[in-house]
Amino acid sequence: MQPECQPGRSYPLGATVYPTGTNFSLFSKSASAVELVLFDHPDDAVPRYTLQLEPSRCRTYYYWHAFVPNIGHGQLYGYRVRGPHDPERGYRFDGEKLLVDPYARAVAPSSAFSRYAAAHPGDNCGMGVKSVVVDPSLYDWEQDSQLDRPFASTVIYEMHIRGFTRHPSANVSIERCGTYLGVIDKIRYLQALGVTAVELLPIQHYDEQDAPDGLTNYWGYSPIAFFAPHQGYSCGGQPLSAINEFRDMVKALHRAGIEVILDVVFNHTAEGGADGPTYSLRGLENRAYYLFDETGTEYANYSGTGNTIDANHSIVRRMIMDCLRYWVSEMHVDGFRFDLASVMARDEDGEPMDDPPILWEIESDPVLAGSKLIAEAWDAAGLYQVGSFIGHRWAEWNGEFRDDMRRFVRGDVGMVKKLAARINGSPDLYTQPDREPNRSINFITSHDGFTLNDLVSYNQKHNEANLEQNRDGGTPNYSWNCGVEGPTSDPQIEALRKRQIRNLLTLLFVSQGTPMILMGDEARRTQYGNNNAYCQDNAVSWFDWHTVEDHADLLRFMRLLMSVTQNLAVFRKERFWLPPDHHDAPTVTWHGVMLFQPDWSSHSHTLAFEIRSNADSEHLHIILNAYTEPLEFELPDPRILREVPARWLRLVDTALAPPDDVRPPEEAPVVGTAKYSVSPRSAVVLLAGPANLV
């Protein structure tokens with residue numbers, strides 16, 4: 001029997017479950033007719049029921065709505081929307097296409113899902129994505145909540161859900177490989193590594209077919225449904241599996257003390273350019289959701305993917321805010337990293353705004369008050385806002401930190417002044433007087449670019465497998481192959497590469513800011529020189545767990561380095577280090593080969609600095625030598641505060657073979673000389689320890 005279609009109401013948007021049925025609400029200003037279609041199975045090509053939403057009863061202003069009794073949690077549904085098809089005026093309605101509810105909390109793609117079918121004429125119900133009704137009250141969170149860890153005590157691990165456990169060496173059950181549940185099986189590893197947060201590459205349901213022919217969109221920067229966890233990372237195979245397993249993962253990570261940060265994509269969708277598919281927004285109200293060029297007919301492309309979301313349109317702002325609140329309140333995530341966040345600063349003409357409404361709304365929203373907000377403060381059209389991104393509480397991916405550290409370590413000239421600024425929290429970029437230095441997200445590598453191993457193994461990108469004639473991927477990379485392009489059996493080159501990796505990691509963890517490391521860098525994961533592996537769902541991108549044993553020395557180095565530095569209060573301070581005449585804050589003193597004589601010249605390759613923390617009696621001396629010859633550096637008096645006799649303890653010397661490359665303070669050897677000979681291309685970290693303990 002055909003379900004009764006009652007008028008319902010215009011709010012909340014999406015599908016809302018009540019004791020007697022479900023209310024559906026959808027925005028479409030220009031539609032002439034809307035059908036709510038109900039399905040029994042994700043592969044159904046024909047709806048079980050088609051419900052016409054009569055404008056006289058089921059439309060309020062621009063909202064189409066209906067209440068359907070006796071259906072609820074788990075019901076599959078979608079929309080077919082008719083209206084003008086006039087691309088010259090920005091209208092792209094297609095009444096044959098199955099449309100995803102923009103507010104769908106879960107989705108069920110057909111096993112015959114086809115991007116091609118969504119981009120070409122004809123009914124695609126049997127090859128599309130169904131929305132799923134979700135009743136969030138049916139999940140037991142068992143008192144779980146956000147961890148609310150400050151940036152000052154955070155170490156971020158950027159990882160890919162599938163890539164983390166998809167490799168056969170992951171030692172998880174076949175059905176859990178590459179899934180949310182697979183991550184649960186590796187939580188002990190993350191704990192032992194010492195990270196406090198995982199930053200997940202996009203898990204909003206995305207189009208895996210948005211890639212060159214024969215390849216797969218692996219990274220996930222091609223969203224279809226912003227509220228729904230990606231179904232491909234589920235191992236249950238049922239419409240509700242993804243949402244339940246995602247919540248299980250979040251709950252398990254929280255129990256282990258690890259926060260969950262989502263990489264969210266509110267700058268574009270999988271619908272692409274003019275020839276792209278119609279999945280959802282294009283077929284609902286194209287002109288509201290997207291930006292257009294000056295002619296008003298072509299999509300603006302500030303994202304580099306064919307379209308750009310109009311994030312400051314009132315309807316889109318509401319959707320973004322509702323989405324973020326949902327992930328926090330109902331899915332318990334701890335924060336967000338906003339992909340190409342500068343796109344969200346553009347107005348309807350594509351011009352950057354001084355006060356973008358959506359960014360201020362995100363910053364000031366009380367539901368998001370305890371969440372981490374991280375901006376990738378640039379876009380694909382040249383807008384670069386690192387250091388000038390709007391707001392007071394946003395953190396930023398510090399691309400300048402990445403580039404300057406790479407350039408110094410590989411031996412570029414003219415980098416010492418920039419190096420000092422990056423070590424000191426980048427005050428030259430972040431000039432607000434009350435800004436916390438930890439709002440700078442410091443990283444050497446990320447998903448976008450070379451892995452740490454490849455950074456010291458390749459001079460050039462090798463992206464031929466992406467089938468784009470090696471034109472894709474960023475340049476320059478500021479990498480250095482240490483003498484041979486790619487893998488080598490030369491022991492001297494391998495030793496140099498290992499040293500360079502340790503140098504880069506040391507710089508990352510002795511700098512002010514919040515450190516972020518890339519999945520697998522702790523075990524020299526390689527992408528074989530591919531610096532844009534977005535379409536490589538294979539061993540190029542997956543974490544090969546054999547490398548954990550193969551490079552156990554590097555894993556030990558990173559674990560100990562993280563443990564030592566993160567347990568020192570001076571690296572957790574929420575104030576910039578100040579010159580030595582300040583006694584109420586941690587201080588930094590710059591040195592060179594000789595004390596108090598840093599070499600700021602354009603040809604310098606060296607820097608030393610001394611950090612003191614008055615309140616915590618911590619005193620460190622750090623020496624960086626990117627020169628090709630050994631140099632002797634004078635050491636300051638190691639007496640710690642309160643004039644207690646002390647000696648220098650050597651925590652790190654990246655030129656030494658394991659296990660002497662890093663030692664915990666209780667095992668660190670004493671440096672009994674007034675000078676320290678620093679090997680070429682190496683870094684040294686000394687800690688002042690009481691003389692009676694050494």
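The values are calculated or read from the model by the stated rules, or taken from the named source; none is laboratory data. These numbers were taken from a predicted model, which means no experiment stands behind them. Heads up, the Cβs are rebuilt from the backbone with ideal geometry, glycines too, and the neighbour counts pull from every protein chain shown.
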Of 477, 503, 470, the only residue that is assigned to a helix (DSSP H, G or I) and within 25 Å of the chain's Cα centre (by Cα) is 503
Which count do you get for residues in the range 275-293 that are surrounded by fewer than 22 Cβ atoms within 10 Å (Cβ to Cβ), part of a loop (DSSP other than H, G, I, E, B) and modelled with pLDDT of 95 or more?
2
Residue identified as within 30 Å of residue 686 (Cβ to Cβ), exposed (fewer than 15 other Cβ atoms within 10 Å of the Cβ) and not assigned by TED's automatic domain parsing to the domain that holds residue 214 among 469, 492:
492
Would the range 294-306 turn up any residue that is crowded, with 24+ Cβ neighbours inside 10 Å and either more than 30 Å from residue 91 (Cβ to Cβ) or without any contact (Cβ under 8 Å) to a residue 40 or more places away in the chain (or both)?
no
Sole miss for residue 349 among (1) of a type in the set (D, E, K, R); (2) within 30 Å of residue 144 (Cα to Cα); (3) in contact with an Asp or Glu (Cβ under 9 Å, 6 or more places away or on another chain) is condition (2)
If you go through the range 56-71 one residue at a time, do you hit one that is under 24 Å from residue 204 (Cβ atoms), assigned to a strand (DSSP E or B), modelled with pLDDT of 95 or more and within 32 Å of the chain's Cα centre (by Cα)?
no
Of all residues in the range 344-380, which are surrounded by fewer than 22 Cβ atoms within 10 Å (Cβ to Cβ), of a type in the set (D, E, K, R) and in a loop (DSSP other than H, G, I, E, B)?
347, 348, 349, 351, 354, 355, 365
Taking the range 17-47, which residues are more than 12 Å from residue 69 (Cα to Cα), surrounded by 15 or more Cβ atoms within 10 Å (Cβ to Cβ) and not hydrophobic (A, V, I, L, M, F, W, C)?
25, 28, 30, 35, 42, 43, 44, 47
Can you give me the ranges of the helices (runs of 4 or more DSSP H) entirely in the range 135-231 with at least 1 residues that are farther than 16 Å from residue 260 by Cβ?
161-165, 187-193
Test set (1) at pLDDT below 95; (2) assigned by TED's automatic domain parsing to the domain that holds residue 191 - residue 577 fails condition number
(2)
Going by the conditions given, is residue 348 of a type in the set (Asp, Glu) and touching a helix residue (DSSP H, G or I) at 6+ places or on another chain (Cβ under 8 Å)?
no
Log entry, pairs with first residue in the range 188-209 being more than 30 Å from residue 561 (Cβ to Cβ), second being among the hydroxyl-bearing types (Ser, Thr, Tyr), beta carbons closer than 7 Å, six or more apart or on different chains, reads 206/222; 207/222; 208/216
Only residues in the range 424-453 that are surrounded by fewer than 20 Cβ atoms within 10 Å (Cβ to Cβ) count as the first member; pair them with residues that are aliphatic (A, V, I, L, M) and part of a loop (DSSP other than H, G, I, E, B), Cβ under 7 angstrom, at least 6 apart or cross-chain, and list the lot.
429/386
(1) out of contact with any Lys or Arg (no Cβ under 7 Å at 6 or more places or on another chain); (2) part of a strand (DSSP E or B): which one isn't true of residue 263, the others all being true?
(1)
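One line per residue, one yes/no per condition, for (1) of a type in the set (Val, Ile, Thr); (2) under 30 Å from residue 587 (Cβ atoms):
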{"residue": "401", "(1), (2)": "no, yes"}
{"residue": "428", "(1), (2)": "no, yes"}
{"residue": "439", "(1), (2)": "no, yes"}
{"residue": "442", "(1), (2)": "no, yes"}
{"residue": "447", "(1), (2)": "no, no"}
{"residue": "451", "(1), (2)": "yes, no"}
{"residue": "483", "(1), (2)": "no, no"}
For the range 140-164, pairs from a residue that is at positive phi to a residue that is part of a loop (DSSP other than H, G, I, E, B) and not hydrophobic (A, V, I, L, M, F, W, C), with Cβ under 8 Å and 6 or more apart or across chains, are 148/334; 148/370
Consider residue 611 carefully, then state whether it is under 24 Å from residue 522 (Cα atoms), touching a residue at least 24 places away in the same chain (Cβ under 8 Å) and not in a loop (DSSP other than H, G, I, E, B).
no
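Residues are listed down the side, and each one gets a yes or a no for (1) outside the structural domain of residue 421 (by TED's automatic domain parsing); (2) closer than 24 Å to residue 625 by Cβ; (3) over 23 Å from the mean Cα position of the chain (by Cα); (4) not basic (Lys, Arg):
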| site | (1), (2), (3), (4) |
| --- | --- |
| 507 | yes, yes, no, yes |
| 526 | no, no, no, yes |
| 531 | no, no, no, yes |
| 536 | no, no, no, yes |
| 545 | no, no, no, yes |
| 549 | no, no, yes, yes |
| 552 | no, no, yes, yes |
| 556 | no, yes, yes, no |
| 559 | no, no, no, no |
If you check residue 467 against the conditions, is it modelled with pLDDT of 95 or more and under 24 Å from residue 621 (Cα atoms)?
no
Which condition breaks for residue 17 when tested against (1) over 21 Å from residue 82 (Cα atoms); (2) in contact with a Ser or Thr (Cβ under 7 Å, 6 or more places away or on another chain); (3) not in a loop (DSSP other than H, G, I, E, B)?
(2)
Step by step: first the residues of the range 381-405, then only those that are assigned to a helix (DSSP H, G or I) and out of contact with any Leu (no Cβ under 7 Å at 6 or more places or on another chain), then the one that is farthest from residue 329 (Cα to Cα). Which residue is that?
403
Out of the residues in the range 212-249 meeting the condition of being β-branched (Val, Ile, Thr) and buried (at least 24 other Cβ atoms within 10 Å of the Cβ), tell me which one is farthest from the chain's Cα centre (by Cα).
243
So which of 513, 486 is of a type outside the set (D, E, K, R), buried (at least 20 other Cβ atoms within 10 Å of the Cβ), at pLDDT 95 or above and touching a Ser or Thr at 6+ places or on another chain (Cβ under 7 Å)?
513
